[in-house]
1. Could you give each residue of the range 68-77 its phi-based ³J(HN,Hα) in whole Hz, using Karplus coefficients 6.51, -1.76, 1.60 with θ = phi - 60°, and x for Gly or Pro?
2. Quick one: helix 78-95 against the long Cα principal axis of the chain, what's the angle to the nearest 10°, folded into 0 to 90?
3. Explain nothing, just compute: Karplus ³J(HN,Hα) = 6.51 cos²θ - 1.76 cosθ + 1.60, θ = phi - 60°, for every residue of the range 147-154 in order, whole Hz, x for Gly and Pro.
4. Placing +1 on the Cβ of each Lys and Arg and -1 on the Cβ of each Asp and Glu in the chain, which of 73, 42, 146 has its Cα farthest towards the positive end of the resulting dipole?
5. Relative contact order of the range 50-185: what whole-number percent is it, with Cα pairs under 8 angstrom and at least 6 residues apart?
6. Which ³J(HN,Hα) values, rounded to whole Hz and listed in residue order, are derived for the range 51-65 from phi using the Karplus coefficients 6.51, -1.76 and 1.60 in 6.51 cos²θ - 1.76 cosθ + 1.60 with θ = phi - 60°, glycine and proline given as x?
7. Only four residue types carry charge here, +1 at the Cβ of Lys and Arg and -1 at the Cβ of Asp and Glu. Report the dipole size of the chain about the Cα centre in Debye, rounded to the nearest 20.
Amino acid sequence: MKPETRKEEIIRVAAKLFKEKGYSAVTMRDLAKAMGIKAASLYNHINSKQDILNAIIINLAEEFTAGMKLVQSSGENCIGKLNRIIELHVRISSQNIYGMASLNNDWMHLEEKLDYYQRLRIDYEDDFRAILKQGITSGEIVDVNPEVMMFSILTTLRSLYLWIPKKEELNLEELSNTLNQILIKGINK
């Protein structure tokens with residue numbers, strides 16, 4: 001694995017601060033202090049706090065979008081695609097706990113990238129909804145409101161960043177399998 005660049009370190013530390021305090025409450029001075037450098041030194045690597053937020057959120061949103069495109073083109077049935085979506089969320093969330101907090105809580109602070117982010121999110125949800133509708137049409141899943149299904153599944157998946165850090169020994173494959181069981185197959189005996 002290649003060493004972390006100073007810019008990547010700034011983004012990582014900022015994401016942690018944004019999760020702890022909220023984007024609006026964090027100043028560049030706070031970030032510099034957390035890194036043990038002078039605030040002016042930050043500007044050798046980044047242009048603004050907004051650029052940091054853009055990097056965090058847009059990178060994650062594009063990663064989810066790319067993952068969804070792979071799922072969509074996989075040729076798997078609906079259940080297989082839903083399983084892959086759960087695995088995608090578990091993987092990305094476990095690798096980006098702090099960034100996921102910004103993605104979920106701070107996206108509205110995006111300025112010039114807000115429209116782009118919202119388009120990515122809408123497209124992701126449209127693809128998710130299409131998979132559910134395909135599953136209903138093919139008889140793979142129950143014929144209930146796909147909006148409610150999507151909301152229920154995504155609410156759980158989008159909050160993994162809150163739950164994962166509380167588990168010291170977590171097997172991500174086992175977590176994906178358990179979430180597949182609960183979210184896709186249900187809890188009925």
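1. Whole-Hz 3J(HN,Hα) from phi for the range 68-77: 5, 4, 5, 4, 4, 8, 6, x, 6, 6.
2. 20 degrees
3. 5, 5, 4, 4, 4, 4, 5, 5
4. The Cα lying farthest towards the positive end belongs to 42.
5. Working: 109 pairs, mean separation 50.0, N = 136.
With pairs under 8 Å counted, the relative contact order is 37 percent.
6. With the stated coefficients, the range 51-65 comes to 4, 5, 4, 4, 4, 4, 6, 5, 4, 5, 4, 5, 5, 5, 4 Hz.
7. On the way: 25 positive and 25 negative charges, 113 e Å.
It comes to approximately 540 debye.
Coordinate-derived values only; no laboratory data. Predicted model only: the values in this text are computed from it and were never measured. When we count neighbours, we look across all protein chains shown, and the Cβ atoms used for this are built from the backbone with ideal geometry, even at glycine.
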